[in-house]
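There's a structure below that I have some questions on.
Here, each number is a calculation from the coordinates, and none is a lab measurement. Model, not experiment: these values are computed from the prediction. When we count neighbours, we look across all protein chains shown, and the Cβ atoms used for this are built from the backbone with ideal geometry, even at glycine.
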Amino acid sequence: MPHTFVSIAGRTSLSCQNWSYQTRPDVPANRAFLHDWSCPSLITRRFEIRRGRRVSSRRKASATGEVPLKIFVGFGYNDRDQWIPDLVFPLIKAFGSEVVTGEEMQGQELDDGVRQRIETSDAMIALLTRRGEPSAEGVYETHRWVVEELALAIAGGLRVVEVREEGVSDQGGIAGNRQRIRYSEAERDKLLVELATTVGNWVRTVDVTLRLLPPEVVEEFRPLLGAPGFRCTYTVLEGNRESAPKDTLVRPIKGGLFVYAAGLSPQSLVRITIEGNGRRWTSDYEAPDSIITLKPN
């Protein structure tokens, strides 16, 4: 069922098959709060993909078979940004996910504890809101530690959404893939809609680590790891839709070579392509059942 976003007589509502959101009509949109946010079917779902006996390596089994997605939230720890724990945290929890923060850092340099929390999270929401007074040109600075957390999450390969408030300096220099959302304080409800869609997509997909086989083919390109021009990509097939190739790393782990593929659904098929030294190795489209069989082209 597609999402719907409706505003009638001052009441804003968002609904889909699994959850709903409403703001009270007597509260302005820029100070909206959760009147009713529920997601019963997503809270109780299992965050894993099973094919035969395999469970994604990103989801450890628990007594209930349910392990929450860990989402790190980077934001400013001040009164102006109190709407984030008041509104964004409940939104994340409504999808059965766990909120992770680095609040104890309080604006200092990233410490090892915060780094570890980011590195062990599955995704990040970075809220780059205004800080202090604007410059003569009307441009605001944002929270330095959130920028550092964002860069670390991107470098670590997490799924990332960057929320940048209107008027905040673009602060270029952070390379890497992430979803970007522009935020206006007067349209906070629209941001919540976009975040709900994003988090909903995250919990419906998983990340997997795949071993490359057979050994005799793997040994052909193992010496090329880290060499100039060496590249590994994966392509995802969903029904008749084929994604663009996505870069990934080949990592030596416990005597084998492994690749990481993100954002797969139960219907996903994956093809791996490796290129180096003028040669190419590919797999067929396969279910991501922990192993991928390559062959030279």
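Would you mind computing, in nm to one decimal, how far apart the modelled labels at GLU219 and ASP86 are, each placed 7 Å from Cα along Cα→Cβ?
Label at GLU219, label at ASP86, 6.5 nm between them.
How far is it, in nm, from the label point at ARG204 to the one at ALA155 when both lie 7 Å from their Cα along the line to the Cβ?
So the label points at ARG204 and ALA155 sit 3.4 nm apart.
With a 10 Å Cβ neighbour count serving as the proxy for reagent exposure, in which order, fewest first, do THR142, THR248, THR120 appear?
By the 10 Å Cβ count, ascending: THR120, THR248, THR142.
Name the residues of segment 257-297 whose amide N is less than 17 Å from a point 7 angstrom out from the Cα of ARG231 along the C-beta direction?
The answer is 271-283, 297.
In 10 Å bins starting at zero, report the fraction of Cα pairs in segment 179-256 per bin as a rounded %.
Result returned by the calculation: 13, 30, 25, 19, 10, 3.
Arranged from highest to lowest average of other beta-carbon atoms within 10 Å per residue, in what order do the peptides 219-231, 122-134 appear?
So the peptides 219-231, 122-134, ranked by packing, come out 122-134, 219-231.
What's the ranking of 235-242, 191-198, 76-83 by average number of surrounding C-beta atoms within 10 Å, highest first? Numbers along the way, then the final one.
Values: 235-242: 12.5, 191-198: 18.4, 76-83: 14.4.
Output ranking for 235-242, 191-198, 76-83: 191-198, 76-83, 235-242.
Separation between the ARG211 and ARG117 pseudo-spin-labels, each 7 Å from Cα along Cα→Cβ, expressed in nm?
Distance between the two pseudo-spin positions: 3.5 nm.
Now a separate question. With a/c under 1.5 counting as rounded, go ahead and sort segment 206-296 into rounded, prolate or oblate using the C-alpha gyration tensor (a ≥ b ≥ c being the square roots of the eigenvalues; past the cut-off, prolate if a/b is larger than b/c, else oblate).
Prolate.
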